[in-house]
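Right, one structure below, let's go through it.
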Amino acid sequence: MTPEIRDCPSPNHGARRGGVSVPDLIVLHYTAMTGGPEPAIKRLCDPATEVSCHYVVGERGDIARLVPDDRRAWHAGAGRWGESCDVNSRSLGIELSNDGASPFPGAQMDALEALLGDLMARHGIEAKGVIGHSDCAPGRKIDPGPRFDWQRLARQGLAVWPEVVEAPITGFHDDLRAFGMTAEVEDATRLAAFRLRFRPGLDGPLDRIDAGMARDLAARFPAS
Ligand SMILES: [Zn+2]
């Protein structure tokens with residue numbers, strides 16, 4: 001079912017580049033602001049900021065549309081996913097109103113799930129195409145952060161989650177690149193970005209479970 005959405009048009013968008021007509025990625029963010037979604041919407045609609053996204057989801061489950069789906073919004077910045085270094089041209093950006101430290105309320109997650117289901121069906125976006133800002137800009141961005149419940153999305157086919165199995169650690173970084181994490185960063189930065197999403201809170205050196213999970217991601221959900 002299509003969720004209820006109010007329009008708050010932002011002037012901050014352009015044409016999608018590189019021959020992309022339909023997005024195949026959805027990038028999830030948090031706003032890192034307090035006071036609900038309104039201050040973030042104001043900022044994302046201010047031409048002076050030169051930032052925007054397609055949708056903002058508030059803590060109470062309210063959804064605002066800022067940029068039409070067929071336009072290129074300015075949310076991902078410098079980063080890479082798979083073979084693409086222009087993530088904005090191939091993605092939709094969703095900002096979750098969140099200060100970066102608080103849990104995401106149930107009403108907000110329910111609304112996000114309805115929005116994701118609708119967008120994925122409408123544009124033919126696969127579960128593996130739903131990623132975090134930290135996945136495509138490792139080291140530079142950490143949103144949607146360690147409190148975001150990726151497993152909840154994955155249970156409903158709205159994101160992916162790997163099998164927890166073991167593998168030799170030697171394949172870890174190549175497997176993560178095959179999954180899509182192609183940003184040119186130090187190995188430690190790539191490991192940190194992987195754990196932020198898939199093993200939040202874990203410290204210490206790369207282990208066989210990291211490697212097994214990365215192996216499964218690369219095997220079942222390779223990026224294009
Ligand atoms: Zn972000």
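Okay, here's what the table says:
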read-out	value
log10 of Debye I(q)/I(0), alpha-carbon scatterers only, for the range 106-170 at 0.15, 0.17, 0.18, 0.19 Å⁻¹	-0.57, -0.71, -0.78, -0.85
Charge dipole (debye, nearest 20) of the range 129-223; +1 at Cβ of Lys and Arg, -1 at Cβ of Asp and Glu	340 debye
Overall dimensions of the range 150-209 by Cα: Rg and Dmax, Å	11.9, 33
Convex hull volume per residue for the chain, taking Cα atoms only, in Å³	111 Å³
Karplus-derived 3J(HN,Hα), 6.51/-1.76/1.60, for each residue of the range 11-27, Hz, glycine and proline x	x, 8, 7, x, 6, 5, 9, x, x, 7, 9, 10, x, 10, 10, 10, 9
Per-residue [θ]222 nm for the chain (sum of -39500 (n - 2.57) over DSSP H runs n ≥ 4, rounded to 500)	-9000 deg cm²/dmol
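None of the figures in this text is laboratory data; all of them are computed from the coordinates on show. For clarity, every value in this text was computed on a predicted model and none was experimentally measured. Neighbour counts are summed over all protein chains in view; Cβ atoms, including those assigned to glycine, are modelled from backbone coordinates with ideal geometry.
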